[in-house]
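**Student:** Before I ask anything, let me first share the structure, which is written out below as structure tokens.
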Amino acid sequence: MTRWVAILILALMVGLTAATAQDADQVPVEEVDTRTEAISKTLRCVVCQNQSIYDSNAPLAEDMRRLVRKRVEAGDTDDEAREYLRNLYGDYVLMSPPFQLNTILLWIGPAILVLFGGIWFITRLRSAPVEAIAELTDEDRARIEAALAKKGPDS
């Protein structure tokens, strides 16, 4: 009889140890929520107009949020969860596209436009005929003096 009691106690201890080990592997709910929200803000809803899956109410965005949550609960890092969805939906799912050869214009295009726009503006200013602006005819001066005289010194 004592053998059976010892075996029963041993089985209970092994079961409690396994249950404790499972609880230790689980990520706290608050951390899962926080990480899921943070990851969801960096992923684009593929059926919405430039909305993250966090901001979207589309059914697909809800499914994507659930998928992110499952990946976080499974122990994936934030980057691994993002990469998982990127593999499913492509680079479009990322709110901030990666710096690659096929996205280089997205990253340097605005700087190039500002640079060329500045160069164009400066060359236009330098080529403007300053002499034509500075020269006033006697008639123009008379109109200016008349307008100033009408206002008076109090105005």
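The values are calculated or read from the model by the stated rules, or taken from the named source; none is laboratory data. The structure presented is a predicted model; accordingly, all values stated were derived computationally and were not measured. As a convention, Cβ positions derive from the backbone with ideal geometry for all residues, glycine included, and neighbour counts pool all protein chains shown.
**Student:** Checking the structure you have, find out if any residue of segment 57-71 is surrounded by 16 or more Cβ atoms within 10 Å (Cβ to Cβ), touching a strand residue (DSSP E or B) at 6+ places or on another chain (Cβ under 8 Å) and of a type in the set (V, I, T).
**Tutor:** yes
**Student:** Within segment 53-61, does at least one residue satisfy the condition of being more than 27 Å from I108 (Cα to Cα), assigned by TED's automatic domain parsing to the domain that holds V32, assigned to a helix (DSSP H, G or I) and touching a Cys at 6+ places or on another chain (Cβ under 9 Å)?
**Tutor:** For segment 53-61, residues more than 27 Å from I108 (Cα to Cα), assigned by TED's automatic domain parsing to the domain that holds V32, assigned to a helix (DSSP H, G or I) and touching a Cys at 6+ places or on another chain (Cβ under 9 Å): present.
**Student:** Moving on to the next point. What's the number of the condition L60 fails, among (1) touching a helix residue (DSSP H, G or I) at 6+ places or on another chain (Cβ under 6 Å); (2) touching a residue at least 12 places away in the same chain (Cβ under 8 Å)?
**Tutor:** Among (1) touching a helix residue (DSSP H, G or I) at 6+ places or on another chain (Cβ under 6 Å); (2) touching a residue at least 12 places away in the same chain (Cβ under 8 Å), L60 violates only (1).
**Student:** Would you tally the residues in segment 95-117 being outside any helix (DSSP H, G or I) and more than 16 Å from the chain's Cα centre (by Cα)?
**Tutor:** 1
**Student:** Exposed (fewer than 14 other Cβ atoms within 10 Å of the Cβ), over 17 Å from the mean Cα position of the chain (by Cα) and at pLDDT 90 or above: does that describe I133?
**Tutor:** Spelling it out, it is not the case that I133 is exposed (fewer than 14 other Cβ atoms within 10 Å of the Cβ), over 17 Å from the mean Cα position of the chain (by Cα) and at pLDDT 90 or above.
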